[in-house]
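The values are calculated or read from the model by the stated rules, or taken from the named source; none is laboratory data. All values reported here derive from a predicted model rather than from experimental measurement. Neighbour counts run over all protein chains shown; Cβ positions are idealised from the backbone, glycine included. Just so you know, the surface numbers come from the protein's heavy atoms only, side chains and all, with ligands and any DNA or RNA stripped out. Shrake-Rupley method; radii C 1.70, N 1.55, O 1.52, S 1.80 Å.
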Amino acid sequence: MDRGYMDWHRIAARPHPYSSQANNNVRAYIRSRLKSLVEKHERVVLSDYFSNIAFVQSSTGVYFEGSSILVKVSGTSDSKEELSNGTTSKAILLSASYTSPSISPGASDSFAAVALIQTVDHFAKHRLLRTLVFSFGNDGEGGKGARSFLKHP
């Protein structure tokens, strides 16, 4: 709990909107925290995901470049299970944004990212049957980061 509070205090110290140096600093901090957790567990993988997407929204062309951090905690079973709707799934996705509005330190967004860091730590030590994928996304305020993640291969 103390570590989570320190993370939250560090991340929410000042506004860190998308495409700012403060946002880059927050991303680097989150990545370093995750890297220290990943190095302790062989079934946990950290990767950077850089994406771009172009689309039309309300008659306006939109282009977005995002930078997310992905962590995969492999489950104890790699077999696909059929779900009640007939589809199969191997992983559960948990996500949080690490951006803030330009006029606020983004305490709630920052808290969600901190909670996700703590969740990675817990499930790296106590693996589930299913694989977990954690996405720390950029530009949660505008939704374009989530939209570009859906295009992830």
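Summary table below
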| quantity | calculated |
| --- | --- |
| Residue among D48, D78 that alone is at pLDDT below 80, of a type in the set (D, E) and not in a helix (DSSP H, G or I) | D78 |
| Options R10, R31, R14; residue that is surrounded by 10 or more Cβ atoms within 10 Å (Cβ to Cβ), modelled with pLDDT of 85 or more and within 24 Å of T131 (Cβ to Cβ) | R31 |
| Hits in the range 109-127 - residues which are within 11 Å of H41 (Cα to Cα), of a type outside the set (A, V, I, L, M) and assigned to a helix (DSSP H, G or I) | D121, F123, K125 |
| Members of the range 101-122 found to be over 17 Å from R31 (Cα atoms) and in contact (Cβ under 8 Å) with a residue 12 or more places away in the chain, listed by number | P101, S102, I103, S104, P105, G106, A107 |
| Subset of the range 9-65 [under 20 Å from F123 (Cβ atoms) and among the charged types (D, E, K, R)] | R31, R33, K35, E39, K40, E42, R43 |
| Count of residues meeting criterion [open to solvent by 100 Å² or more (accessible area, probe 1.4 Å) and under 16 Å from the mean Cα position of the chain (by Cα)] in the range 17-28 | 0 |
| Members of the range 134-148 found to be open to solvent by 40 Å² or more (accessible area, probe 1.4 Å) and either at pLDDT 90 or above or in a helix (DSSP H, G or I) (or both), listed by number | K144, A146, R147 |
